[in-house]
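The values are calculated or read from the model by the stated rules, or taken from the named source; none is laboratory data. None of the values given here were measured: they were computed from a predicted structure. Cβ sites come from the backbone with ideal geometry, for glycine too, and all protein chains shown count toward neighbours. Note: areas computed on protein heavy atoms with side chains; ligands, DNA, RNA excluded. Shrake-Rupley method; radii C 1.70, N 1.55, O 1.52, S 1.80 Å.
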Amino acid sequence: MTIIYYGHSCFGVTINGKNLLFDPYISPNPLAKSIDINAIPADYILVSHGHGDHVADVVSIAKRTGAKLICTPEVGHWFEKQGVSNICAMNTGGKIKLDFGNVKCVKAEHSSSMPDGSYGGNPLGFVIESSEGNFYYAGDTALTYDMKLIGDYRHINFAFLPIGDNYTMGIDNAIIATEFINCKDIIGMHYDTFEIIKINHEEAINKFSQAGKKLTLMQIGETINKEQVSSNNKHLAAKN
Ligand code: NI
Ligand code: MN
């Protein structure tokens with residue numbers, strides 16, 4: 001499994017040869033100006049909610065790639081009106097089996113409206129289960145006790161958590177979230193893009209480290225390999 005960071009909450013994750021793209025917000029983000037959105041591969045685009053900082057490049061990437069858009073029915077209808085046709089509408093609690101693995105929609109404690117103010121349905125988080133490992137993409141969310149349900153019933157190898165505070169949980173609550181989901185390996189998101197969510201990287205990494213967790217803050221454009229995920233997963237599968 002490989003992960004590439006496109007800035008803010010946007011990541012590309014390649015699993016079993018399929019490219020998943022989460023919350024594309026690239027072209028309006030000055031921090032991500034090195035990214036060529038026309039070169040981003042996508043077989044699936046997963047959209048957590050309708051806010052502009054999660055959907056800005058959905059239409060152009062969906063139309064270019066023909067990727068399947070996974071989102072709530074409300075978000076899907078909005079994109080349908082803009083000519084996006086390959087839509088898989090899901091909602092909180094729902095799970096689907098796809099060619100790379102499973103996608104389960106989980107609760108996010110947030111709000112969701114589209115850039116024009118129309119209703120965006122429930123905000124979502126996603127749990128991805130695959131033969132290359134399992135991960136949790138939290139979307140925009142507060143710390144919520146519902147996160148315990150995510151970690152209690154499966155092993156989460158790593159998680160993408162928002163840490164920028166103000167609009168979502170911040171660093172201290174994200175550390176508590178790692179306990180709820182029972183996962184030590186965290187990739188930070190939703191920080192630095194705007195003045196109000198700027199964080200001190202060293203302080204954030206140290207706080208996680210003092211709590212016995214690992215926080216990775218990826219460079220925009222950086223790719224990391226989660227090779228170790230599959231072996232961990234086999235080990236745990238064998239134990240259970
Ligand atoms: Ni939001
Ligand atoms: Mn946001």
Top-ranked residue in the stretch 20-69 [being within 12 Å of the chain's Cα centre (by Cα) and more than 16 Å from ligand 1 (Cβ to nearest atom); ranked as nearest to G221 (Cα to Cα)]: L21
Residue count for the stretch 105-157, restricted to those that are aromatic (F, W, Y) and free of Cβ contacts under 8 Å to residues at least 12 places away in the same chain: 1
Enumeration of residues in the stretch 80-106 that are within 16 Å of the chain's Cα centre (by Cα) and either aromatic (F, W, Y) or within 16 Å of ligand 2 (Cβ to nearest atom) (or both): none
Total residues in the stretch 1-16, condition closer than 15 Å to S48 by Cα, part of a loop (DSSP other than H, G, I, E, B) and touching a Leu at 6+ places or on another chain (Cβ under 9 Å): 2
Output for the stretch 29-46, where each listed residue is open to solvent by less than 60 Å² (accessible area, probe 1.4 Å) and free of Cβ contacts under 8 Å to residues at least 60 places away in the same chain: I37, I40, A42, D43, Y44, I45
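Here's the yes/no breakdown for (1) of a type outside the set (A, V, I, L, M, F, W, C); (2) under 29 Å from K18 (Cβ atoms):
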| residue | (1), (2) |
| --- | --- |
| N122 | yes, yes |
| Y136 | yes, yes |
| T168 | yes, yes |
| E195 | yes, no |
| S209 | yes, no |
| G212 | yes, no |
| M218 | no, yes |
Considering residues of the stretch 185-209 that are open to solvent by 10 Å² or more (accessible area, probe 1.4 Å), more than 16 Å from ligand 1 (Cβ to nearest atom) and not in a helix (DSSP H, G or I) only, the residue nearest to P24 (Cα to Cα): K198
In the stretch 141-184, the residues that are part of a strand (DSSP E or B), more than 12 Å from ligand 2 (Cβ to nearest atom) and either over 14 Å from the mean Cα position of the chain (by Cα) or modelled with pLDDT under 95 (or both): G170
Matching residues, the stretch 82-137, being assigned to a strand (DSSP E or B) and either at positive phi or of a type in the set (A, V, I, L, M) (or both): I87, A89, I96, V103, V106, L124, V127, I128, G133
Only listed residue being open to solvent by 10 Å² or more (accessible area, probe 1.4 Å) and more than 16 Å from ligand 2 (Cβ to nearest atom), chosen from Y119, Y136: Y119
